[in-house]
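Structure first, then comments.
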Amino acid sequence: MENKNNNEKLSSFLEGKGFYITLAVCLCIIGVSGYVLFFAPSAEPVYEVEIPPITENVRPAGADIPDVSIDIREDEPAETAAKEEKPASAPVKATEAPTEAVKPQEPEIYIPPVIGKVSRSFSMGELVYDKTMGDYRTHNGIDIECEVGAQVACFGNGTVEKVYNDELYGNCVVISHGDGVVSVYKGLDRGITLTEGAQIKAGDIIGAAGNTNLMENEEVPHIHFEVMKDGEYIDPLGMIK
């Protein structure tokens, strides 16, 4: 009898306020389930990917594409790049006093002692007939025709080495030009004023042509002119400009 009363009370409760309590509990369960579904962390995150639109300028597969050299180095900070490009500072050298430019040495110029025809040439060490002596001998210089009294000029820059009188070759002058070159003038007139050791330049007058060379007095008036290089006779015409 007592159980029957309890069942009737429960039925009355459910028909009354109990319906609303049950509804509230269901709503709570639904809310909790929604929170778990939307806010609970998922095992695999979902990412949104933006796909670019397809345009008409896209190259088809197999199109010719020019080769391009690509630098794959990563961009470095501007400060680091500036440090690498800056060259290492060179050691400071002591300031040297400016030196004067050395002028190139001008080539030596040699001129003929007199202007005239070469009446006898250099024999190149061969024996030639000597009209005055009537025999064959070497002619170690050249004979240049000129009038007696004609001025005789110096062959080139140099130093007067010797001034002397020879019984056969007459009044003679020897001039050293350096580099082993020596010039000899024979058959000069008397009155030579040069002194040994004096500096002389090409074109300076050393004397006058005379008739004092007895070894060649059968020839036309001339100056006998010789040139030696390192002690060997050479053809003067090979040096005269």
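The values are calculated or read from the model by the stated rules, or taken from the named source; none is laboratory data. What you are looking at is a predicted structure, and each value in this text was computed from that prediction instead of being measured. Neighbour counts are summed over all protein chains in view; Cβ atoms, including those assigned to glycine, are modelled from backbone coordinates with ideal geometry. Heads up: the accessible areas ignore ligands, DNA and RNA and are worked out on the full protein's heavy atoms, side chains in. Shrake-Rupley method; radii C 1.70, N 1.55, O 1.52, S 1.80 Å.
Taken together, VAL173, VAL152, VAL163 contain a single residue that is over 15 Å from PRO112 (Cβ atoms), among the β-branched types (Val, Ile, Thr) and touching a Phe, Trp or Tyr at 6+ places or on another chain (Cβ under 7 Å), which is VAL173. Can you spot a residue in segment 121-130 that is under 16 Å from ASN217 (Cα atoms) and open to solvent by 40 Å² or more (accessible area, probe 1.4 Å)? Yes - at least one qualifying residue is present in segment 121-130. For segment 183-211, a tally of residues being in a strand (DSSP E or B), among the aliphatic types (A, V, I, L, M) and buried (at least 18 other Cβ atoms within 10 Å of the Cβ) returns 6. Just so you know, in segment 165-182 the residues that are touching a Gly at 6+ places or on another chain (Cβ under 6 Å) and of a type in the set (Gly, Ala, Ser) include one that is least open to solvent (accessible area, probe 1.4 Å), and it is GLY170. Being surrounded by fewer than 19 Cβ atoms within 10 Å (Cβ to Cβ) and modelled with pLDDT under 95 is not true of THR159. Each residue in segment 212-233 was checked for being open to solvent by 50 Å² or more (accessible area, probe 1.4 Å), part of a strand (DSSP E or B) and without any contact (Cβ under 8 Å) to a residue 60 or more places away in the chain, and 2 of them qualify.
Here is the figure for segment 109-139: residues that are more than 16 Å from TYR233 (Cα to Cα), in a loop (DSSP other than H, G, I, E, B) and of a type in the set (S, T, N, Q) total 1.
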